[in-house]
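The values are calculated or read from the model by the stated rules, or taken from the named source; none is laboratory data. Quick caveat: nothing in here was measured; it's all calculated off a predicted structure. Cβ coordinates were reconstructed from backbone atoms using ideal geometry, including for glycine residues, and neighbour counts include every protein chain displayed. SASA here: full protein model, heavy atoms, side chains in, ligands and nucleic acids out. Shrake-Rupley method; radii C 1.70, N 1.55, O 1.52, S 1.80 Å.
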Amino acid sequence: MSLLIVDESKCKQDGFCVRDCPRAIIRIKDKESYPEMVPGGEQFCLTCGHCVAVCPHDAMSHTKVPFEDCSPIQKELVINETQAVQFLRSRRSIRSFKDQPVEKEKIKELVEIARYAPTASNTQLVKWMVFNDKDTVREFAKLAADWARALLEKDPQSAKFPYVPGIVAAWDAGYDAVLRGAPALIVASAPKEDLNGTVNLTLALSYLELAAPSMGLGTCWAGILKGALLSWPPLQKAIGLPEDHTHHYPMMLGYPKAKYFRLPQRKPPKITWK
Ligand SMILES: Cc1cc2nc3c(=O)[nH]c(=O)nc-3n(C[C@H](O)[C@H](O)[C@H](O)COP(=O)(O)O)c2cc1C
């Protein structure tokens with residue numbers, strides 16, 4: 001059975017689907033014909049849904065990307081450039097969280113949005129681990145502080161990780177500089193065989209991060225925890241990444257205490273026009 005389902009009463013044979021297919025596996029044989037998959041094309045289909053999304057006549061469906069599941073783009077929701085710039089520039093790393101748990105439903109919603117991030121060849125192999133218990137998250141921070149302490153003991157200069165002494169000193173003073181008292185932690189991971197695994201999960205986390213403020217939530221990339229996770233067995237054991245998921249990154253999540261009123265400047269881009 002072909003993957004494509006063409007409604008011939010709606011199709012205008014204009015070839016949008018043919019031209020947009022990233023794998024060039026859709027053809028229209030002649031003027032009288034309708035779009036069809038080239039023989040053997042099924043095995044190369046990315047199930048990306050471009051053929052459905054690009055048809056202006058609602059004529060295309062796909063057995064794995066059904067037309068009914070592809071909601072229409074609402075023109076009134078399209079943002080303009082000024083809105084896009086402010087939206088992107090106003091994203092901030094959150095390092096101070098309210099003592100308030102995050103509703104499971106909200107986290108689910110965030111992950112639902114994050115799964116629309118692109119993945120190389122549309123593989124969609126990213127998995128999510130959600131730790132939604134403040135004490136568990138604090139325990140991870142403690143294990144990372146243990147890792148920092150062990151590093152310091154081994155190499156008091158710890159020049160490779162200049163922030164290491166600070167993590168230990170903060171922890172000893174009762175402050176969690178690793179996970180900032182976040183009530184939740186999300187770890188995105190991808191399997192070893194996913195050649196673009198790190199990029200794929202990073203994009204998914206970026207989507208999640210960008211969506212979070214619209215739900216009143218804030219995030220911060222947990223780079224210190226990631227550092228500890230690379231080499232500290234007690235933390236690896238406690239987090240328990242899926243087997244063979246060599247690509248991974250953690251992100252803090254919670255209700256932010258702070259509000260922001262200005263858009264900080266960044267370094268000018270370094271562009272070489274060739
Ligand atoms: C990969 C990555 C890892 C990060 N790790 C940490 C971290 O462990 N702790 C922290 O407080 N901030 C962390 N950050 C946040 C950066 O410090 C922050 O993005 C940068 O200072 C710019 O601030 P902004 O995100 O508010 O624009 C991380 C950011 C990235 C992209």
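Give the residues of region 57-98 that are farther than 14 Å from GLY218 by Cβ and open to solvent by 100 Å² or more (accessible area, probe 1.4 Å), sorted by residue number.
The initial filter retains those residues of region 57-98 that are farther than 14 Å from GLY218 by Cβ, namely 57-89.
Correct list: LYS64, GLU68, ASP69, PRO72, ILE73, LYS75, GLU76, LEU77, GLU81, THR82, GLN86.
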Exercise. Has region 237-258 got at least one residue that is over 23 Å from THR136 (Cβ atoms), at pLDDT 95 or above and open to solvent by less than 60 Å² (accessible area, probe 1.4 Å)?
Worked result: yes
For this session: Determine if region 105-123 includes at least one residue that is touching a strand residue (DSSP E or B) at 6+ places or on another chain (Cβ under 9 Å), open to solvent by less than 50 Å² (accessible area, probe 1.4 Å), among the hydrophobic types (A, V, I, L, M, F, W, C) and part of a strand (DSSP E or B).
Result: no
Seminar exercise, completed: Residue pairs qualifying under the 9 Å Cβ cut-off, at least six apart or on distinct chains, with the first in region 166-185 being in contact (Cβ under 8 Å) with a residue 40 or more places away in the chain and the second being acidic (Asp, Glu) and within 14 Å of the ligand (Cβ to nearest atom), are ALA182/ASP176
For this session: Collect the residues in region 222-238 that are away from the ligand (no atom under 14 Å from the Cβ), without any contact (Cβ under 8 Å) to a residue 40 or more places away in the chain and of a type in the set (Gly, Ala, Ser), keeping them in residue-number order.
Result: none
Seminar exercise, completed: Restricted to region 166-221 and to residues being among the hydroxyl-bearing types (Ser, Thr, Tyr), within 12 Å of the ligand (Cβ to nearest atom) and part of a helix (DSSP H, G or I), the residue surrounded by the most Cβ atoms within 10 Å (Cβ to Cβ) is THR202
Exercise. Can you tell me how many residues in region 1-30 are assigned to a helix (DSSP H, G or I) and open to solvent by less than 70 Å² (accessible area, probe 1.4 Å)?
Worked result: 3
Exercise. What number of residues within region 146-161 are under 16 Å from GLY223 (Cβ atoms) and at pLDDT 75 or above?
Worked result: 3
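Out of SER206, SER189, I need the residue that is among the small types (Gly, Ala, Ser), touching a Lys or Arg at 6+ places or on another chain (Cβ under 7 Å) and closer than 24 Å to PHE97 by Cβ. Which one? Talk me through it step by step, then tell me what you get.
Details: SER206 fails: touching a Lys or Arg at 6+ places or on another chain (Cβ under 7 Å).
Only one candidate passes the filter, namely SER189.
Taking only region 124-140 into account, find how many residues are charged (D, E, K, R) and either at pLDDT below 95 or crowded, with 19+ Cβ neighbours inside 10 Å (or both).
1
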